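Shown next, in structure tokens, is the structure this report addresses.
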Amino acid sequence: MEDFTLRGLRVLRGVDAICMEDTVHSGIMLKRIYGDRDPSQTFIHFAHANWARATPQILRRVAKGEAIAVIADAGTPCISDPGWQIIDICLEKGVKVIPIPGVTAATAALSVSGCSSQMYSFFGLISNQKKKLKKRSFKLIQQCDEAIVLYESKHRLVKTLEVSKWPSPCLEQAFRLQRKLEALGSKNTHVGGEGGQRV
């Protein structure tokens, strides 16, 4: 919550509806920020599984001139999260879409990785990808010379690195990182690197 920008807080306060992955999770977060919910503001559940059902309602509201925000459970919406489908449809229909800059774990991790950030490849939450896409991702990772950023659970981190056939120094560091994450109680880690020194 501390990563919220003042602009983001102002926008969320002023929109007619908010699209969110989890109405309970985001509802609690918004209550902590604003207090009691504005009864005139609608919450719209918008996840990977139901985006097609939610889209017509969103488009109808936009057509009436309503302002709608899209938020994620954590981080920036549509970056390895639901939401890009409705953005794509809105752009096709000429709806104005305005990004609100905010925190993104990928760039935050890259900024402290010690790797060059002039060029990097982002693979998102790789363990959640379908089999065909995951296989393609691993193949591309093996061919990358630039920095690599991906999301992974601390419980699957070492297994993912093994499957991706990264160099053994990375696996040794991953074991150390995993133990550190377990000590800190962190849910996720973000791994980036460069060439044979992916860390």
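Within segment 106-151, the residues that satisfy the criterion of being touching a Lys or Arg at 6+ places or on another chain (Cβ under 9 Å) and of a type outside the set (S, T, N, Q) are Cys115, Ile126, Phe138, Ile141, Cys144, Ala147, Ile148. Every listed requirement among (1) open to solvent by 70 Å² or more (accessible area, probe 1.4 Å); (2) of a type outside the set (D, E, K, R); (3) under 29 Å from Ile148 (Cβ atoms) is met by His45 save one, (3).
Taking first residues from segment 137-151 that are farther than 19 Å from Thr107 by Cα and partners that are modelled with pLDDT of 80 or more and surrounded by fewer than 17 Cβ atoms within 10 Å (Cβ to Cβ), the Cβ contacts under 8 Å between residues at least 6 apart in sequence or on separate chains come to Leu140/Ser121.
Out of the residues in segment 112-159 meeting the condition of being more than 27 Å from His48 (Cα to Cα) and acidic (Asp, Glu), tell me which one is surrounded by the fewest Cβ atoms within 10 Å (Cβ to Cβ).
Applying the filter and picking the extreme gives Asp145.
Here Ser121 fits the description: modelled with pLDDT of 75 or more and in contact with a helix residue (DSSP H, G or I) (Cβ under 8 Å, 6 or more places away or on another chain).
Test Gly102 against the criterion of being open to solvent by 30 Å² or more (accessible area, probe 1.4 Å), under 21 Å from Leu9 (Cα atoms), modelled with pLDDT under 85 and not aliphatic (A, V, I, L, M), and give yes or no. It is true that Gly102 is open to solvent by 30 Å² or more (accessible area, probe 1.4 Å), under 21 Å from Leu9 (Cα atoms), modelled with pLDDT under 85 and not aliphatic (A, V, I, L, M). Looking at segment 1-39, which of the residues that are under 21 Å from Pro82 (Cα atoms) and over 19 Å from the mean Cα position of the chain (by Cα) is surrounded by the fewest Cβ atoms within 10 Å (Cβ to Cβ)? Among those residues, the one meeting the criterion is Ile28. For segment 134-157, a residue qualifies if it is out of contact with any Phe, Trp or Tyr (no Cβ under 9 Å at 6 or more places or on another chain), under 15 Å from Tyr120 (Cβ atoms) and among the polar types (S, T, N, Q), and exactly one does: Gln143.
The set of residues in segment 110-147 being of a type in the set (A, V, I, L, M, F, W, C) and under 15 Å from Ser80 (Cα atoms) consists of Phe122, Phe123, Leu125, Ile126, Leu133.
Which residue is nearest to Ile18 (Cα to Cα), if the candidates are limited to segment 48-61 and must be open to solvent by 50 Å² or more (accessible area, probe 1.4 Å) and not small (Gly, Ala, Ser)? It comes out as Gln57. In this entry, Ala183 passes the filter for residues that are out of contact with any His (no Cβ under 8 Å at 6 or more places or on another chain) and at pLDDT below 75.
Here is a yes/no grid of residues against (1) open to solvent by 40 Å² or more (accessible area, probe 1.4 Å); (2) without any contact (Cβ under 8 Å) to a residue 40 or more places away in the chain:
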position: Ala63; (1), (2): yes, yes
position: Glu66; (1), (2): yes, no
position: Ala72; (1), (2): no, no
position: Thr76; (1), (2): no, yes
position: Pro82; (1), (2): no, no
position: Ile86; (1), (2): no, no
position: Lys93; (1), (2): yes, yes
position: Val97; (1), (2): yes, yes
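The values are calculated or read from the model by the stated rules, or taken from the named source; none is laboratory data. A quick note: this is a predicted structure, and the numbers were derived from the prediction, not measured. Every residue, glycine as well, gets a Cβ built from its backbone with ideal geometry; the counts of neighbours run over all protein chains shown. We work out accessible area using only protein heavy atoms, side chains counted, and drop any ligands, DNA or RNA first. Shrake-Rupley method; radii C 1.70, N 1.55, O 1.52, S 1.80 Å.
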